Amino acid sequence: MTNIVVLIKQVPDTWSERKLTDGDYTLDREAADAVLDEINERSVEEALLIKEAQGGEVTVLSAGPDRATDAIRKALSMGADKAVHINDPALHGSDAIQTAWTLAAALGQITFDNEEPADLIIAGNEATDGRVGAVPAIIAEYLGIPQLTQLRKLVVADGKVTGERETDEGVFGLEASLPAIVSVTEKINEPRFPSFKGIMAAKKKQVLVYTLADLGVDPDTVGVANAGTTVTASTPKPPRTAGERIADEGDGGTKIAAYLVSNKII
């Protein structure tokens, strides 16, 4: 049996128009449709596959405002057993290090039905709203556990987790003893669709809500005012303009090449 925690995040839909707020230049989460990050669907799916193969329990963990409940319910409807929601306004604008610190504090308090902590923590390789890709590694440092990141395949057996990482240089085999944290890429699996039964069952599953005080996290160590970087200005992307049409009169290829050269594309 494997106790698994899956880190999930609600993000603005990539098909929506995304923008920064005018005040502190943080992501305007109210301006776009909010969804469970697709890579997190794959993280949840991998946890469920492990549970179905060898037993255990799956808890999802998310930090976010009230509306993050929708993403949590999506993960529960896929089959996760319960959830932990860190909901505190002081977290607004936290950077990757602050977020990882808060998640690590929550992970230290999560126990399962067998009264044991997590054996395995699964995350996506990067969120679509920030694309930092460092939170799993930072959590590993805070918790003092091994990390296997950017995996396209993972196997849990005999107290170990093994996986494959694909890079431009080739495929590498990785291995670590449990407990450990891993991050997965889009090649790991194809996530299931929640069934009607799963959607109805999710409404009755336990969602524990923690504030920073519950986790023992000082509000002065998180949030936009205490972040390691500051955005001082932003410029909206220019509107899409009409393309340039080239009539082919026998020299179309030459004209296209000249256009690409003039725009420093080639």
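Under 14 Å from the Cα of residue 19, which aspartates and glutamates turn up, not counting those fewer than eight places away in the same chain?
28, 30, 33, 129
Leaving out ligands, DNA and RNA, what percent of the accessible area of the chain is carbon and sulfur, probe 1.4 Å?
Accessible surface attributable to carbon and sulfur in the chain totals 52 percent.
Determine the calculated [θ] at 222 nm for the chain from helices alone, applying -39500 (n - 2.57) to every DSSP H run no shorter than 4 residues and normalising by the residue count; nearest 500 deg cm²/dmol.
-7500 deg cm²/dmol
Which far-off residues, 5 or more places away or on another chain, put their amide H under 5 Å from the one on residue 34, with H placed in the peptide plane?
13
How would you rank 121-130, 30-39, 221-230, highest first, on the average number of other Cβ atoms within 10 Å across their residues?
121-130, 30-39, 221-230
At 1.4 Å probe radius, can you tell me the per residue accessible area of the chain in Å²?
Per-residue accessible area for the chain comes out at 56 Å².
Excluding residues fewer than 8 places away in the same chain, name every one of the aspartates and glutamates whose C-alpha is closer than 16 Å to that of residue 187.
Those aspartates and glutamates meeting the cut-off are 37, 38, 41, 45, 46, 126, 164, 166, 168.
Taking every eigenvalue of the Cα gyration tensor of the range 1-138, multiplying by 5 and rooting it, what semi-axes result, largest first, whole Å?
Equivalent ellipsoid semi-axes, largest first: 26, 16, 13 Å.
Taking the structure as given and computing percent of Cα pairs over 30 Å apart, which label from (1) 36; (2) 44; (3) 48 fits?
(1)
Quick one: of 9/51; 9/264; 9/205; 51/197, which pairs are farther than 30 Å apart, Cα to Cα?
Pairs exceeding 30 Å: 9/264.
Percent antiparallel among DSSP beta bridges with both residues in the range 1-141, to the nearest 5?
In the range 1-141, DSSP labels about 20 percent of beta bridges as antiparallel.
By DSSP, what percent of the beta bridges with both residues in the chain are antiparallel, rounded to the nearest 5?
40 percent
Quick check for me: using +1 on Lys/Arg Cβ and -1 on Asp/Glu Cβ, what's the dipole size of the chain about its Cα centre, in debye to the nearest 20?
It works out to roughly 520 debye.
The values are calculated or read from the model by the stated rules, or taken from the named source; none is laboratory data. Being a predicted model, the structure only gives us computed values, none of them experimental. For neighbour counting, all protein chains shown are included, and Cβ atoms are generated from backbone atoms with ideal geometry for every residue, glycine included. The area values use the complete protein model at the heavy-atom level, side chains included, leaving out ligands, DNA and RNA. Shrake-Rupley method; radii C 1.70, N 1.55, O 1.52, S 1.80 Å.
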